[in-house]
Amino acid sequence: MNGPMTLIVLSVALVTVVALLVWLSLSMAAAEGAIGRVTRANLNNRIFEVQTDPDTNQFTTTKKIRRIHQVQRFIANRYATAGSCAFFRITCNVLSGVFVAIVAGTWGASWWIELLVGVVFAFVVAVVSILVRPRETGVNKPTDIMIKHARLVNFAVAVTPFARVGTSQDGRRRRDLDLSDDEELEKIQLEQGRAAIDRMVESNEFDPEVSEMMRNVLMLSETLTREIMVPRTDMITIECDASLEDMLKLCSRSGFSRVPVIGEDVDDLVGIAYLKDAVRATAFNPAAMSRDVASIVRDPMLVPESKPVDDLFHQMQRSRQHVAIVVDEYGGIAGMVTIEDTIEQIVGELEDEHDRTQHAEPKKIGDRKWSLPARTPIADLEELYEIDIDEDDVDTVYGLLTKLLGRVPIVGASAVTRGIRLTAVDSAGRRKKVSTIEVEPNGVEGREEDGKAQENADNDENNDHRDHKE
C-alpha cells in the first residue's frame, strides 16, 4: 500500500508543480506582451485615479501605488524587463516538460516515451503562451496586466540580472537623443505599422493608392503644421476698416472665402472674415456694403507651428473650424492652414471645378503680346522683348510682379517696368496662386489708363494683402 500511495502522492505533487509552471509561463507571456505598451502617462493617470477613488481605503491605496511604482521602474528599462520575462517564461516551459517527463517515468514509461512526452508538453505550453490569450490580454490592457503581475515580474527581474547586459548602451543612446519613453514607444509602433503596410502591398492585398494613403496616415504624427501652412508672406489679408464691398471684391478676385482681418500689420490680427457672413449681411441690405469688415469678424483659431498635423486635424474637427492661424514661438503670425491642407497630406492635391492647370510654355496671343506661365524665368522675358531687367533678387516673372507690387499678386494686379506691362490674368490650384501673366508693351492704346486704374483699385482694396489658402 505504501508503494502505490507514495507514487500517487508524488505524481499529484509533480502535476501541481507542472500546473504552477504553466501558469507562471502564461503570466510571463502576458507581462512580456504588456511591457512594450505601457507608458509613463498611463501610469501617472492610474496613480491619480487611485488617489482620488473615494471607495478605496488608505491601506489599499498605498498598496496599489506601490505596485504602480514598481511598474514605473520596470518601464525605465523596458527591454531588460522584457528580456527577464522572456527568459523566465522559457525556463518555466522547459521545467514543465522536465517534470512531465518525470511523472511519466514514475509510472514505468520507457525513457524515449519520457523524453517524447516532456518535449511535446513543453512545446505545446510554449505555443499556447505565445499565441493564445496572454498576449492578446497584454495588448488590450497592458497597464492592468503589469500591475497585476508586478510581483512576479519583480521576481523575474531579480533572478535574471544578466538580462540588463547590453541594454545600458541603448538607454544611454536614448537619453543622448532626448527621446521620451512615450515617444520611443510611438516610434516603435509607427515602424511596425509601416512594415505591416509594406507586407500587405507586397502581397497585392491592397490597391497601391490605398496603400499610399495608409502610409500618409502614419506620417501625420511626424509632420508639423509649419510644413503644410501657407507662410505669412503668401497670405492675403484685409484691413479691419475696409468695407464689406471691398471684402466681396477681394473674395471674388482672389477666389478665397475666408480672409484674415488685420489692424496695423499682419501681427495685429483682429480675426477671420467669412464670405458667407458678408453675403448674408449685404444680400438683402445694399446699404450694408459700406459697413466695416470688423462688423462680421469672427475669433480666429490659433495653433502653434510645431503642432503635429494629426492633432491639428482632430482639433479642427472638434472645434468645427476649417481655417487656423499659425503662430510662432514668439507669438507672431507665422502663416495659416486649412483643414483641406491636412486632408491633402493623406489623399494628395485637391482641386475643384474652378481650378485650372497652368500651361507650361509661353504663348503669343497678339502683336508683341505674350501669355507666360508664372514660373517663366526672367531671362526668357528679356529675350522676348530684347530688354535688360536688372533684378538680382527674383528669378521668375511671378517674382518680378510681386516685387513691383510690393505684395503677393492676385488676378487683375498689374505693374509696369522697363516699358512693359505685366498683368496677372489667371490662377490655378486650390491655393489660387497666380498661374498666368500677360506681358505687353506699356504703350498699347487704352492699356496704360486701364492699368493705372486697376493698380489704384488694387492699392485701395488690398493694401498689404497676402495670398493664403481657402
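The numbers here are math on the coordinates, done by the rules we state, and not lab data. Just so you know, these numbers come straight off a predicted model, no measurement behind them. Because the Cβ atoms are built from the backbone with ideal geometry, glycine has one as well, and the counts that use them run over all protein chains shown.
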With Q317 itself left out, Lys, Arg at +1 and Asp, Glu at -1 over residues whose Cβ is under 12 Å from its Cβ give 0
Interchain or long-range residues, amide H under 5 Å from A334's placed H:
V326, V327, D328
Charged-residue dipole, Cβ positions (Lys, Arg, Asp, Glu), the stretch 222-329 about Cα centre, Debye nearest 20
740
Report the relative contact order of the stretch 2-165, percent, no decimals, based on alpha-carbon pairs under 8 angstrom and at least 6 residues apart.
40
Principal axis box of the stretch 226-347, alpha-carbon based, largest edge first, Å:
45, 31, 24
Which value, to two decimals, describes the C-alpha radius of gyration of the stretch 198-290 once divided by 2.2 N^0.38 Å?
1.70
Taking the number of other C-beta atoms within 10 Å as the exposure measure, put I35, I387, I346 in order starting with the fewest.
I387, I346, I35
10 Å beta-carbon shell around W370, net charge (K/R +1, D/E -1):
+1
Quick check on the stretch 2-165: what does the Kirkwood estimate of hydrodynamic radius come out to from the alpha carbon pairs, in Å?
17.4
Percent relative contact order of the stretch 226-347, based on C-alpha pairs within less than 8 angstrom and at least six residues apart?
29
Using each residue's phi in the stretch 290-306, evaluate 6.51 cos²θ - 1.76 cosθ + 1.60 at θ = phi - 60° and report the 3J(HN,Hα) Karplus result to the nearest Hz, with x for Gly and Pro.
8, 5, 6, 4, 4, 6, 10, 5, 10, 5, x, 8, 9, 9, x, 6, 8
Of all C-alpha pairs within the stretch 89-129, those more than 13 angstrom apart amount in percent to 43
